[in-house]
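Bear in mind these aren't lab numbers, they're just calculated from the coordinates by the rules spelled out. Given the structure is predicted, the values throughout are model-derived calculations rather than measurements. Because the Cβ atoms are built from the backbone with ideal geometry, glycine has one as well, and the counts that use them run over all protein chains shown.
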Amino acid sequence: MKTNCPIVRDTFAYKRRMHIRLLTETDATDWWQLRHVALETEPHSFVETPEEHLAKSVESTQDYFRSFNADNFIVGAFDECELAGMAGFYRQKHAKFQHKGHIWGVYVRTASRRKGIARQMLEEVVRRASMSAGMEQITLTVAATQAAARELYLSLGFTTYGVEPRSLKIGGERVDDELMVLFLNGK
């Protein structure tokens, strides 16, 4: 499904451009479908399995999207007006953890990769998160098998603070997770 998309006039023709924005409940179906593709194609990148995802309805996803706020959101990237990427963020709820947020579920569909979409989404997530009062650091986890993602996170200023060995078990394979953090405003 195509969403409302800005049109830009260039020298030769009208073309649609890539844009980043917060997802809303009207995006729930597109997100649910893209999330399923992500789980199917990149099993090392996600804890959730495709089967677990399929057990969730689009309606429950819409309910979840209605709960979004400044401390809990998903950013979407639209390439040619179709949802091409996603990156989620949530702030820790416990009082002693409220200075921390976590990025989750980062994915860009294969056809839209190598266009800087993941970088732009993550920059937007960090920008929004850093506007939250008291936010000092953002964490994320990346599978050791995901070298390109790791390099992107490092280029954005994230640093490794640990490794969780054998974090994921996919069939008979074990995958280590690298734990990363970005300290905001030098805090």
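What does the highest-first list of 163-170, 131-138 look like by mean Cβ count within 10 Å?
Top to bottom by mean Cβ count within 10 Å: 131-138, 163-170.
Under the Karplus relation 6.51 cos²θ - 1.76 cosθ + 1.60, θ = phi - 60°, what is the ordered set of whole-Hz ³J(HN,Hα) values for the range 59-66, x standing for Gly and Pro?
4, 5, 5, 4, 4, 4, 5, 5
Quick check: the distance between the Cα centres of the range 17-77 and the range 160-174, to the nearest angstrom?
When both Cα centres are located, 23 Å separates them.
Which FRET efficiency value, to the nearest 0.05, do you get for Thr41 and Ala133 by plugging their Cβ-Cβ distance into 1/(1 + (r/R0)^6) with R0 = 41 Å?
0.60
Run down the aspartates and glutamates and flag those whose C-alpha is under 20 Å from the C-alpha of Lys100, throwing out any fewer than 8 positions away in its chain.
Once the sequence-local aspartates and glutamates are set aside, what remains near Lys100 is Asp71, Glu123, Glu124, Glu136, Glu164, Asp177, Glu178.
Please give the contour-minus-distance gain from Ser155 to Arg174: 0.36 nm per residue of separation, less the Cα-Cα distance, rounded to one decimal in nm.
4.2 nm
Between Val106 and residues 5 or more places away or on another chain, which pairs have amide H atoms under 5 Å apart, with H built 1.01 Å from N, and which residues are they?
Gly88
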